[in-house]
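One structure is given below, encoded as structure tokens.
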Amino acid sequence: MALSRPRKISRSPSRKLSIRWFEKVMALIALINLCLVVFDLSYIRFRDFYLRYFPELTQQYGERYKGIEPERSTVAYLETVDNLEDQVTQTGLQSIQAETLLSQLQEQSNALIDENPFQVADKSGTLERIKNLMRDRIGTDSSKEAFRRFWSAQYLSRQDDSSGIDFFNEEIRPLMETNYFRGIGEDGGPLDLFWKLDRWFVAIFAVELLLRTLYLSRKYKGVNWLDAIIWRWYDVLLLLPFWRWLRIFPVIVRINQSKLINLEPLRNRINRIFLSQLAVELTEVVVLRIIDQFQNLLQEGKLSSWLFNAGSSQRYVDLNGVDEIQTISQRVTSVLLYQVLPQVKPEIDTIVQHSLTSAFNQSPAYEGFQRLPGIGNLPDQISRRIAAEVTQNLYNAVINALEDSRGAELTQKLVTSFTENLREEIQKEDTLDEIQALVVELLDEVKINYVKQLPDEDIDRLQQQTQRFYGATQRGK
């Protein structure tokens with residue numbers, strides 16, 4: 001159902017201010033909710049990044065809303081390392097307690113490699129990185145051998161490798177701490193409890209939509225509840241428990257409408273870029289389509305049939321009973337004779353005079369005539385007069401022939417005879433087929449050399465012109 005925009009209702013300044021602040025607050029709440037949605041959607045993928053810079057927040061969020069728990073085997077491994085550090089501090093590496101802990105770490109390392117507890121969290125690449133670091137540290141190709149030699153009193157007690165535990169804490173421990181175990185929900189997928197946080201926002205948006213619907217249905221006559229909901233259809237996206245990324249659209253609308261952030265410059269730039277590219281591509285398609293249609297007319301013989309047999313063609317539809325080509329030619333002839341030729345007559349006289357003077361100069365008698373005393377520039381005056389009389393007489397003859405009924409009839413016969421003979425001669429000896437083939441090839445060259453270059457050449461030019469136009473309009477405001 002199409003809704004007409006309601007007429008504006010005058011409001012008091014205080015009421016306008018309160019409405020403006022309400023829109024800003026709701027837009028801010030929608031923006032906060034969108035940020036939480038983005039964080040939730042990106043949490044698993046970027047958990048290592050969040051854990052590095054926001055460790056406490058990341059761990060608490062994962063435990064509360066993602067069902068993430070510390071992975072037991074890696075936690076036990078790190079606890080054994082902590083116990084080893086404490087024991088070494090108390091009794092040293094050569095004690096029985098330290099030897100026992102080192103043996104445990106060797107066994108746990110073998111189990112870590114064989115069982116791969118990182119696979120459940122889809123972090124097998126992290127385990128490979130741990131093994132590569134350990135192999136590079138020890139200088140062996142076997143990851144198990146590297147762990148066995150690393151967790152030995154002989155290796156850790158060497159003076160040049162006294163920083164072995166530090167290496168583990170700085171390089172290996174952060175990677176192990178990123179491992180986790182995620183529970184399974186009742187739907188069989190990974191546990192996701194984001195709805196517990198999101199439900200409060202959905203409740204706010206639902207109440208707001210209900211109040212807006214009630215307000216619109218009471219404020220404007222003819223607007224029922226369904227019309228009011230359709231009026232604010234984008235707000236429904238804020239209530240969906242799935243496809244939460246769609247909330248970006250109502251959030252952008254709310255931010256723009258409430259003026260919380262001025263998005264008009266960004267929207268205008270996007271529109272200009274999109275429309276510029278669309279205009280160039282559309283121009284290319286239209287021009288190519290026109291050329292293709294013209295080529296098809298040539299190849300199918302329809303164009304030649306229309307040019308040479310337009311009067312006898314049964315499929316040609318005449319809308320007004322007027323021969324447009326003949327009418328256009330008559331109109332062009334009238335403009336040429338009555339408006340153009342009188343204005344260019346001085347130039348024509350000059351050309352004719354130059355031709356007469358050139359012809360006279362080639363005559364020996366004319367040279368002797370010029371040598372007679374008292375002649376002066378009389379020959380030039382004569383040639384100028386003759387040229388003017390010739391062009392004027394020719395012009396008058398053409399005008400009189402066209403204005404006289406008999407002359408017009410003879411002129412029409414001449415034009416008709418010329419046209420018929422031209423058509424007959426063109427159609428002889430495959431001349432028409434050759435011309436059509438050449439024109440088709442010419443159009444192909446036009447498409448390749450010019451039309452196909454439109455996007456490459458005109459997109460930047462159109463965008464520059466649009467930017468200049470936009471800058472001029474902004475300065476004029």
Under a 1.4 angstrom probe, counting protein chains only, how are PHE201, PHE147 ranked by accessible area, largest first? PHE201, PHE147
Any chance you could run the full-extension gain for THR416 through LEU17? It's 0.36 nm times the residue separation minus the Cα-Cα distance, nm to one decimal. 135.6 nm
In nm, to one decimal, how far is the GLU56 label point from the THR140 one, both placed 7 Å along Cα→Cβ? 4.2 nm
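How about region 135-193: which GluC sites (Glu not before Pro) there are in a DSSP loop, with at most 16 other Cβ atoms within 10 Å of their Cβ? Write down the numbers at each step before the final one.
Working: sites: GLU145, GLU170, GLU171, GLU177, GLU186; in loops: GLU186.
Those satisfying the criteria are GLU186.
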Starting from the Cα of GLU69, step 7 Å toward the Cβ, then list every residue of region 172-197 with an amide N under 13 Å from that point. 180-185, 191
Once amide H atoms are placed 1.01 Å from N in the peptide plane, what residues at a sequence separation of 5 or more from PHE181, or on another chain, have their amide H within under 5 Å of its amide H? GLU69, GLU71
ASP122 to VAL207: FRET efficiency via 1/(1 + (r/R0)^6), r the Cβ-Cβ distance, R0 41 Å, to the nearest 0.05? 0.55
Using the Cα centre of region 20-130 as origin and beta-carbon charges of +1 (Lys, Arg) and -1 (Asp, Glu), tell me which of ASN33, PHE49, VAL75 is placed farthest towards the positive end of the dipole. ASN33
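Hey, if we sort ARG384, ARG64 by accessible area with the 1.4 Å probe, largest down, what's the order? Kindly include the intermediate steps, with their values, before the conclusion.
Values: ARG384 120, ARG64 150 Å².
From most exposed to least exposed: ARG64, ARG384.
What order do you get for 118-128, 248-258 when each peptide is scored by the mean count of other beta carbon atoms within 10 Å, highest first?
Values: 118-128: 15.3, 248-258: 17.6.
Order by mean packing, descending: 248-258, 118-128.
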For LYS219, solvent-accessible area (1.4 Å; no DNA, RNA or ligand), Å²: 80 Å²
Using the crude model of +1 on Lys and Arg Cβ and -1 on Asp and Glu Cβ, and no other charge, please compute the dipole size for region 107-253 relative to its Cα centre, in debye to 20. 1020 debye
Using a 1.4 Å probe on heavy atoms of the protein chains only, the accessible area for THR350 in Å², nearest 10, reads 80 Å²
Each label point is 7 Å from the Cα along the Cα-to-Cβ direction; what then is the distance between the points at GLN154 and TYR395, in nm? 12.0 nm
Using the Cβ atoms and a cut-off under 12 Å, what net charge is assigned to the surroundings of LEU237, where Lys and Arg are +1 and Asp and Glu are -1? +3
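The values are calculated or read from the model by the stated rules, or taken from the named source; none is laboratory data. Bear in mind the structure is a predicted one, so any value in this text is a computation, not a measurement. Cβ sites come from the backbone with ideal geometry, for glycine too, and all protein chains shown count toward neighbours. Each accessible area value is taken on the protein alone, full model and side chains, heavy atoms only, with ligands, DNA and RNA left out. Shrake-Rupley method; radii C 1.70, N 1.55, O 1.52, S 1.80 Å.
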